[in-house]
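Here is the structure we will look at.
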Amino acid sequence: MGLRLPGVEVGTAYGSPALKLHGQLLACLAAHKSAEPYTLVVRLDVAQRDAMIAEDPDTYYLKDHYVAYPCVLVRLSRVQPDALQDLLSAAWRFVDANARRGSRSATGSPTGPSPSRGGRRRAYPAAPRSTPRRH
């Protein structure tokens, strides 16, 4: 289904099958132990994620590990095929827009290190180092 979208390729994310666009994660099977079995992680704007969870919490959910990342967890046993296609299309637009902007601060990987588990995130670029001039 996701491979029908332009530029989407099959890959892996932390040992789980994944769909990628421009080398960035689009969706993958959830690998973190907090996620329910048969859960798909789909990259998505946080506001859209929150609205989906509020509207249909039986299908869409979130666990603490994923809160800091722009993604939604999807119970594959509950999602309808047309809703999943729409969700993957929304994820494609989200990832494509972020890739075009070159922004990594807004597109953290949902499978990467969690800030609560010792991972560090920099919300701003590192300041350039000043070096003394030699005359």
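Values computed for the structure shown
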| quantity | calculated |
| --- | --- |
| Hits in the range 38-51 (condition: surrounded by 21 or more Cβ atoms within 10 Å (Cβ to Cβ) and among the hydrophobic types (A, V, I, L, M, F, W, C)) | Leu40, Val41, Val42, Leu44 |
| Test: residue in the range 107-117 that is modelled with pLDDT of 80 or more, closer than 20 Å to Met1 by Cβ, surrounded by 14 or more Cβ atoms within 10 Å (Cβ to Cβ) and not aliphatic (A, V, I, L, M) | no |
| Pair list, Cβ under 7 Å, 6 or more apart: the range 72-101 residue surrounded by 15 or more Cβ atoms within 10 Å (Cβ to Cβ), other residue in a helix (DSSP H, G or I) | Val72/Arg49; Val72/Met52; Val72/Ile53; Leu73/Tyr66; Val74/Leu87; Leu88/Gly2; Ala90/Gln48 |
| Scope the range 17-32; condition surrounded by 13 or more Cβ atoms within 10 Å (Cβ to Cβ) and either in contact (Cβ under 8 Å) with a residue 24 or more places away in the chain or under 20 Å from Gly102 (Cα atoms) (or both); matching residues | Leu19, Lys20, Leu21, His22, Gln24, Leu25, Leu26, Ala27, Cys28, Ala30, Ala31, His32 |
| Residues located in the range 28-73, provided they are of a type in the set (Ser, Thr, Tyr), assigned to a loop (DSSP other than H, G, I, E, B) and either over 19 Å from Leu88 (Cα atoms) or touching a helix residue (DSSP H, G or I) at 6+ places or on another chain (Cβ under 9 Å) (or both) | Ser34, Thr59, Tyr69 |
| Subset of the range 15-37 (residues that are under 11 Å from Leu73 (Cβ atoms) and hydroxyl-bearing (Ser, Thr, Tyr)) | Ser34 |
| Some residue of the range 29-36 being more than 22 Å from Met1 (Cα to Cα), polar (S, T, N, Q) and under 15 Å from the mean Cα position of the chain (by Cα) | no |
| Among residues of the range 43-71, those that are without any contact (Cβ under 8 Å) to a residue 60 or more places away in the chain and within 26 Å of His22 (Cβ to Cβ), counted | 18 |
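The values are calculated or read from the model by the stated rules, or taken from the named source; none is laboratory data. Note that the structure is a prediction, hence the values are computed from the model and not measured. All Cβ positions, glycine included, derive from the backbone under ideal geometry; neighbour counts span all protein chains shown.
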